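What follows is a single structure, written as structure tokens, with notes after it.
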Amino acid sequence: MSIDAVVWDIDDTIFDYTAADRAGMRNHLAAEGLLGGASVEQALARWREVTDAQWARFSAGETDWQGQRRERVRVFLGEPLSDTEADAWFDRYITHYESAWSLFPDVLPVLDSLVASHRHAVLSNSSLLVQDRKLRVLGVHDRFEAILCAAELGVSKPAAAAFHAACEALELPPHRVAYVGDHPEIDGRGAAEAGLLSVWIDRDGTHTAAGGPPTGPHRIASLAELPAILGADTRFGASSTFR
């Protein structure tokens, strides 16, 4: 059965979230005078640890979107800030973070190569308020027919219902849809178990080195490998005409 559409994760799949987060937090901490005796790398590692923990709580339904943001600040700083104080601190970080936004360099070439052969949508465990704007700023919003996010869906990956919601938005059965994401369990195994063609992008080999690929997904190290998996007749690598 042919694959008619590709559903995409955003952060660390098409958008270089990790690089933007690190650059944004590094500049934010410097502006706030918070580096002190801790090294930059220690502070960045701690921020990522706290972020991952609070995202897990959000995905499990233990807190809401704004709540996970506030708790990231409180836990990271170790201070019982009010909601207003936590929101203000996070908003200052966001200013630095957004200044570092960028697509991975292989994104536009693969979207160009698949534009005539496949439909495209987005499924993210974030909020539509955040991701819709992000895609507009990055210049790729119009590439996607549908943009679905966990905060509005009320269900998040790896639940099969999240992937099936994306398929329903495209009016296609799961076996005719591919999903591309960076997390081996949330994206890779989740999409495979939901019946989609699962493509797991492992750009730096971190997860592979830690324990090998999960069963089910096709593992790729670059989006340049995607058209071959989809069986698409494309000219991957042609210069982008999208502006």
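The values are calculated or read from the model by the stated rules, or taken from the named source; none is laboratory data. Since the structure is predicted, the reported quantities are computational estimates derived from the model, not experimental observations. Cβ: placed from backbone, ideal geometry, glycine included. Neighbour counts: every protein chain shown. When the accessible area is computed, the model is the full protein with side chains, heavy atoms only, and any ligands, DNA or RNA have been set aside. Shrake-Rupley method; radii C 1.70, N 1.55, O 1.52, S 1.80 Å.
Could you list all residues from the stretch 20-59 that are at pLDDT 85 or above and in a loop (DSSP other than H, G, I, E, B)?
G33, L34, S39
If you take the residues of the stretch 5-58 that are of a type in the set (S, T, N, Q) and closer than 24 Å to D106 by Cα, which of them is most open to solvent (accessible area, probe 1.4 Å)?
Taking the candidates together, the pick is T18.
Tell me which of these D182 doesn't satisfy, since it passes every other one: (1) within 30 Å of T95 (Cα to Cα); (2) at pLDDT below 95; (3) of a type outside the set (V, I, T).
(2)
Given the criteria without any contact (Cβ under 8 Å) to a residue 12 or more places away in the chain and of a type outside the set (S, T, N, Q), does A20 qualify?
no
I'd like to check something: does the stretch 10-26 contain any residue that is under 22 Å from W101 (Cβ atoms) and of a type in the set (S, T, N, Q)?
Yes.
Of all helices (runs of 4 or more DSSP H) completely enclosed by the stretch 78-180, which ones contain at least 2 residues that are buried (at least 20 other Cβ atoms within 10 Å of the Cβ), free of Cβ contacts under 8 Å to residues at least 24 places away in the same chain and of a type in the set (G, A, S)?
Once the helices (runs of 4 or more DSSP H) in the stretch 78-180 are filtered for at least 2 residues that are buried (at least 20 other Cβ atoms within 10 Å of the Cβ), free of Cβ contacts under 8 Å to residues at least 24 places away in the same chain and of a type in the set (G, A, S), nothing remains.
What's the number of the condition S2 fails, among (1) surrounded by fewer than 13 Cβ atoms within 10 Å (Cβ to Cβ); (2) assigned to a helix (DSSP H, G or I); (3) of a type outside the set (A, V, I, L, M, F, W, C)?
(2)
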